[in-house]
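Peer 1: Please read through the structure below; I'll follow up with questions.
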Amino acid sequence: MTGMGGGGGNSSIVLQAFQNALLRQGSLLLIVALVLFVAWNGLRSFQYRQMVRARSGSDGGAGQLAVDRPGSHLATLGTEPVARRVARIGFGAFWIFDGLLQVQSGMPLGLPTNVLQPAAATSPGWVQGIVNFGVTLWTRHPVTAAAATVWIQVGIGLLLIVAPRGRWSELAGLASLLWGMVVWIFGNAFGAIFAPGLTFLFGAPGAVLFYAIAGGLVALPERVWRTERLGRYLLVGMGVFLLVMAGLQAFPGRGFWQGSLGGEPGTLVAMTRTMAATPQPHATSALVSWFSRLAEHHAVLVNLVATAIMAVVGGAFVAGRRLRTALGLLAVFCVFDWVFVENFGFLGGTGTDPNSMLPFLLLALVAVLAATSWSGGGEPAPKATPATPADGPGGVRRSWWQKVDTSWAGRLAAMVGAIVMILVGSAPMAVAALNPQADPIVIEAANGVPEVANGPAPGFSLVDQHGRPVSLASFRGSTVVLTFLDPVCVNDCPTIAQELLVANEQLGPDAANVKFVAVATNPVYHSITTVNQFNRQENLENVGNWYFLTGTLSELQSVWNAYNAGGTVLPGGSMILHSDVVYIIDSSGQIRSIVNSNPGAATNGVLPSSFSNLVDQQVRAVQKS
Amino acid sequence: MVTVFAVAALLVGAVAVIEHAGLPASPSGASGDGSVTWTSLPLSSSIASDSEASASLAMGHLEDPANTFWQVMARASASSAWKVATPPGIATNGGLATSKGTSGVLNSVVLPYSGLRFSSFAQSTDNGERWTRAATVPGPVLSAPDAVTSLEAGSEVAALLSGTWSVADSPSGLTRQSGQGQTVVVASGPLTHWSALTTTEDLSSVAPECHLQALTAVLAGPDGRLVVGGRCGNPGHFGLFGQPAAAAGPDALGARWTWLTAGVVVPGMESAVGISTVIRIDHTVTGLGLLLGTTREGRRALVYVSAPWPPGDDAPGSWSFSPFLPVPPGWSLVATGTGTSTLALAGAVVLLRHGAALKVLVTGAGGVNWTSTPPPPSGTTDVVLQAGTVTALVPAGSDLSTYRWIPGTTIWTKRPSVTVSIQYGSSN
């Protein structure tokens, strides 16, 4: 139920950028699709005209098209096994569905907090460390990552569906396997299998693992599907999995046998209550609430039934007996659980998939089909007839246009389109993964876009951290990044200072003509010693263009007033109240832009550079103008 | 059949392994203030004379560090009302400690919190009405009630640092002295130039028999000489170190300190395996008073020690010790207070807690015995011993209720409450 925590983080700035990105990339894909369609249609038209022309003469069969003959491309491959077709099309549809879920407006900002971090929250530290890579990537590049995921998943789904045979199809399976594992590891925290409370009823080991397994199966050579062995292995694997899950469900002390535990809800009750609280229509919430009450009052019965069904179906799968009955029982169980426990899996604004029950059921169907219908599972390919340049009836040499199978060409065009779609998603994602700097839009989402200004910056005369007199006028000729920092501030100011330090480093040679200036904003603690301690703490001592200015209280207060910077003493053990603002002042002393520098949740910890990038963006804009 | 058993065994094994891997880690053991070795000293504390008292305690939403704000409360006599005297200009979420200098000066030091990694100091000459001397300390101050000391207003200040510190050779200078671990630093005048005075390593060398493990308290004596308390790992010994008589403050840089308690052994600890930690040091009417935390063969106890000033090793017989106050297993030391008075109850007061149960114990004048008060009000987090009476401080969010116990009575009498204007969310 990845992501059913409510669609938080729905900033309009990010949402608009997300929609623009989807529109831009969608337009590109549309153009590609049009080009491919025009090419395919042109080929068909050409072929038709040539055929009519040829048949109007007596070409001795040269007018026959490739698709009309038994030796055409698809015909040479024989019939696709039923189980493989079900796996390919079924999981292709799941990928497309998941890709469309990624279009939800809450995804860019909500996925890390609603999906990725909760998935890893109760897992061991090493799992959290791995997931943190995904969290960091997504949080730093929310628009790129969200849009990329849409195209990658829809593209994989399309490719699975439109590429039925051969290497293209195997490539689709491989893509499904690889992307599925990426999502399972970095997005699902290994399906939380290392966390306490693991239960099949609630989604373990993660839906996307089944996508990956199905992808791996599709990637296998087709001959593997033509024996019942694959189905048998798959059934045994799934059967063992169900038996282990049944054992876990029945394991004493895990809270599944109790409706309540010392006044607290039992494990299943707590889980379903959480699901019922997810933002969703009342009707779906009522279904889960009903089951939650049932589990609370009849915990033993509910757990007994669940455990027994898993054990019976698992046993049947392992034994390879009564498979159709077991599959029917599993279908009832999975659909019931999907509706009443997993709560459909994708509600809440940041749901990323329909949860595990339906994919597991589909995989079980594939396994049963593969194990039982091998005789009807497709016909082996006929002996390949070598394509020769002169394979037309009567040994007549055929033209190139006659050899092209246009239905296959249409599929090929669709496959190329799907691959382009995957590339449109994966290329920016790869670039984002290599870029450790957060996109400026992240800080803009939190604080708003910088305010454009154009007026003279109020002058001041103070001293720097070395006791040397400094005035705003003395910085003429340089771009000034001016801010107000409390040297004994416990949260925002150290973060802002680090952001400015990174901004300075990122500017590279452009920083030569930039001064980073902070004015001490604390009426009590503002001595030169104190600002130097802050500089030492933040490793700013040796930054040549860093100036932490201070002065007498009256001097400082006049600067605070001129810039509306605050500096108010709060009672009760609080730090000083002051503004978190950065002024970008051009070389002639004009304020050109005002950037809200409140780090808040946008830059703390995960995003150490979004604000830096925004400042650099503003500085470069001022320098160029 | 063998196959069935093997599969069953594998399944059971898999379930057990997965289940074991999924079990949450068991909660950690003893809390800091309940540790056997007194490695963590409670910051909730008080210091009082008959005419003035101050207390440091946490208020606000105590379950949330970002909304826990430590406050200084102050009052004049034991019958007057408490007032808020928290030093302004800095967030106190990390805790604070207060001390009394001579001439009624009140010192406060705020511990670092979150992104801030050094402490700040403030001084008041009117018992917290106004804080007129403010400066920053070149590192994080030790989390201990007696981590800072001074004499009269404007004179030198000494602080006990713990962690990474650095001092500049001038206010704007880049070259500096830096270090790690516990260090006593001193400064005078505007407190812009701090100097490292001594460290745990320095003092270990003058007291090899102490097996000094840590420094825990600092106090400026009446003549300006500093005394530093510590934790000795050698049974019976306790660490109290003093500057040479000829030098005081920054002038004593490089001077060799003396182990004031050389040859002084806590009675009953001679042959035991254990440690002694100086938890509090304060002036008394006749000299010094020390609250020691001891561990004897794994059992903790508190001892109050009285000593003359200067507490030289030339008169070991003049040290007097209270009986051991056993701290039963499961009980934690929550708060400590020192009270200077000539009345029947004076010396030290301690607050012990075990779950919701609380105990308050007070030493008699001269630390000759321990007296138990009636159980203090529920929620008490700090106690004050002033003018022979004990006050219990009970915070609840922004409100502080106060109760007073007078010896010979069996009840705590409610006194006026105080409301602190706490700015919740300001440190988030």
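The values are calculated or read from the model by the stated rules, or taken from the named source; none is laboratory data. These numbers were taken from a predicted model, which means no experiment stands behind them. Note: ideal-geometry Cβ built from the backbone for every residue, glycine included; neighbour counts use all protein chains shown. The protein model used for the area step is the full one, side chains on, heavy atoms only, and it has no ligands, DNA or RNA in it. Shrake-Rupley method; radii C 1.70, N 1.55, O 1.52, S 1.80 Å.
Peer 1: Could you list all residues from the range B:220-230 that are open to solvent by less than 10 Å² (accessible area, probe 1.4 Å) and either of a type in the set (Asp, Glu) or in a strand (DSSP E or B) (or both)?
Peer 2: B:220, B:226, B:227, B:228, B:229, B:230
Peer 1: Looking for something more than 13 Å from chain A (Cβ to nearest Cβ) and in a strand (DSSP E or B) - is there at least one such residue anywhere in the range B:104-123?
Peer 2: Yes, that holds for at least one residue.
Peer 1: Another one. Just to check your reading of the model, which residue among A:410, A:425, A:467 is at pLDDT 75 or above and within 30 Å of residue A:563 (Cβ to Cβ)?
Peer 2: Of the residues listed, the single one that is at pLDDT 75 or above and within 30 Å of residue A:563 (Cβ to Cβ) is A:467.
Peer 1: To continue, here is another question. Only one residue in A:243, A:248, A:220, A:261 is within 34 Å of the chain's Cα centre (by Cα), more than 10 Å from every other protein chain (Cβ to nearest Cβ) and hydrophobic (A, V, I, L, M, F, W, C). Which one?
Peer 2: After applying the criteria, what remains is A:220.
Peer 1: While we're looking at this one, here's another question. Regarding the range B:125-135, can at least one residue be identified that is hydrophobic (A, V, I, L, M, F, W, C), open to solvent by 10 Å² or more (accessible area, probe 1.4 Å), at the interface with another protein chain (Cβ under 8 Å from one of its Cβ atoms) and part of a loop (DSSP other than H, G, I, E, B)?
Peer 2: Yes, the range B:125-135 contains at least one residue that is hydrophobic (A, V, I, L, M, F, W, C), open to solvent by 10 Å² or more (accessible area, probe 1.4 Å), at the interface with another protein chain (Cβ under 8 Å from one of its Cβ atoms) and part of a loop (DSSP other than H, G, I, E, B).
Peer 1: Tell me, which residue of the range B:377-406 that is within 14 Å of chain A (Cβ to nearest Cβ) and touching a residue at least 60 places away in the same chain (Cβ under 8 Å) is least open to solvent (accessible area, probe 1.4 Å)?
Peer 2: B:400
Okay, residues lined up against (1) assigned to a helix (DSSP H, G or I); (2) within 23 Å of residue A:153 (Cα to Cα); (3) free of Cβ contacts under 8 Å to residues at least 40 places away in the same chain; (4) not aliphatic (A, V, I, L, M):
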site: A:315; (1), (2), (3), (4): yes, no, no, yes
site: A:330; (1), (2), (3), (4): yes, no, yes, no
site: A:333; (1), (2), (3), (4): yes, no, yes, yes
site: A:337; (1), (2), (3), (4): yes, no, no, yes
site: A:342; (1), (2), (3), (4): no, yes, no, yes
site: A:353; (1), (2), (3), (4): no, yes, no, yes
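Peer 1: Could you tell me which of the residues A:543, A:519, A:488 is at the interface with chain B (Cβ under 8 Å from one of its Cβ atoms) and not in a helix (DSSP H, G or I)?
Peer 2: Result: A:488 is the single residue among A:543, A:519, A:488 that is at the interface with chain B (Cβ under 8 Å from one of its Cβ atoms) and not in a helix (DSSP H, G or I).
Peer 1: Which ones in the range A:451-480 are farther than 18 Å from residue A:539 by Cα, open to solvent by less than 60 Å² (accessible area, probe 1.4 Å) and not small (Gly, Ala, Ser)?
Peer 2: Once the filter is applied, which keeps residues that are farther than 18 Å from residue A:539 by Cα, open to solvent by less than 60 Å² (accessible area, probe 1.4 Å) and not small (Gly, Ala, Ser), the range A:451-480 yields A:458, A:460, A:462, A:463, A:470, A:472, A:475, A:479, A:480.
Peer 1: Still on this structure, I have one more. Where in the range A:141-224 are the helices (runs of 4 or more DSSP H), entirely inside, with at least 3 residues that are closer than 26 Å to residue A:244 by Cα?
Peer 2: Counting at least 3 such residues, we get A:166-182, A:207-218.
Peer 1: Consider the range A:482-510. How many of its residues are touching a helix residue (DSSP H, G or I) at 6+ places or on another chain (Cβ under 6 Å) and open to solvent by less than 10 Å² (accessible area, probe 1.4 Å)?
Peer 2: So the answer is 6.
Peer 1: Before we move on, is residue B:335 within 20 Å of the chain's Cα centre (by Cα), closer than 24 Å to residue B:113 by Cα and open to solvent by less than 20 Å² (accessible area, probe 1.4 Å)?
Peer 2: yes
Peer 1: Residue by residue through the range A:551-600, note down the ones that are in a loop (DSSP other than H, G, I, E, B) and farther than 17 Å from residue A:517 by Cβ.
Peer 2: Answer for the range A:551-600, where residues must be in a loop (DSSP other than H, G, I, E, B) and farther than 17 Å from residue A:517 by Cβ: A:552, A:569, A:570, A:571, A:572, A:573, A:574, A:575, A:576, A:598, A:599.
Peer 1: Here's another thing I want to ask about it. Can you work out which of the residues in the range B:77-98 that are open to solvent by 10 Å² or more (accessible area, probe 1.4 Å) and more than 22 Å from residue B:380 (Cβ to Cβ) is nearest to the other protein chains (Cβ to nearest Cβ)?
Peer 2: The qualifying residue nearest to the other protein chains (Cβ to nearest Cβ) is B:88.
Peer 1: I would also like to ask the following. Which count do you get for residues in the range A:566-580 that are surrounded by fewer than 20 Cβ atoms within 10 Å (Cβ to Cβ) and away from chain B (no Cβ under 11 Å)?
Peer 2: 2
Peer 1: For the range A:243-286, how many residues are in a helix (DSSP H, G or I), open to solvent by 60 Å² or more (accessible area, probe 1.4 Å) and in contact with a helix residue (DSSP H, G or I) (Cβ under 9 Å, 6 or more places away or on another chain)?
Peer 2: Step one: list which residues in the range A:243-286 are in a helix (DSSP H, G or I), which gives A:243-250, A:267-276, A:282-286.
Keeping just the survivors that are open to solvent by 60 Å² or more (accessible area, probe 1.4 Å) gives A:273-274, A:282-283.
Subsequent filtering for residues that are in contact with a helix residue (DSSP H, G or I) (Cβ under 9 Å, 6 or more places away or on another chain) retains A:273.
Of the residues in the range A:243-286, 1 are in a helix (DSSP H, G or I), open to solvent by 60 Å² or more (accessible area, probe 1.4 Å) and in contact with a helix residue (DSSP H, G or I) (Cβ under 9 Å, 6 or more places away or on another chain).
Peer 1: Residues that are within 14 Å of chain A (Cβ to nearest Cβ), at pLDDT 95 or above and more than 22 Å from the chain's Cα centre (by Cα): does the range B:148-169 have at least one?
Peer 2: no
Peer 1: Determine the pairs where a residue that is exposed (fewer than 13 other Cβ atoms within 10 Å of the Cβ), located within the range B:407-428, has a partner that is β-branched (Val, Ile, Thr) and at pLDDT 95 or above with Cβ atoms under 7 Å apart, the partner being 6 or more residues away or on another chain.
Peer 2: Every condition considered, the pairs that remain are B:416/B:402.
Peer 1: Here's a follow-up. Of the residues in the range A:424-479, how many are free of Cβ contacts under 8 Å to residues at least 40 places away in the same chain, of a type in the set (D, E, K, R) and under 30 Å from residue A:15 (Cβ atoms)?
Peer 2: Summing the residues that are free of Cβ contacts under 8 Å to residues at least 40 places away in the same chain, of a type in the set (D, E, K, R) and under 30 Å from residue A:15 (Cβ atoms) in the range A:424-479 gives 0.
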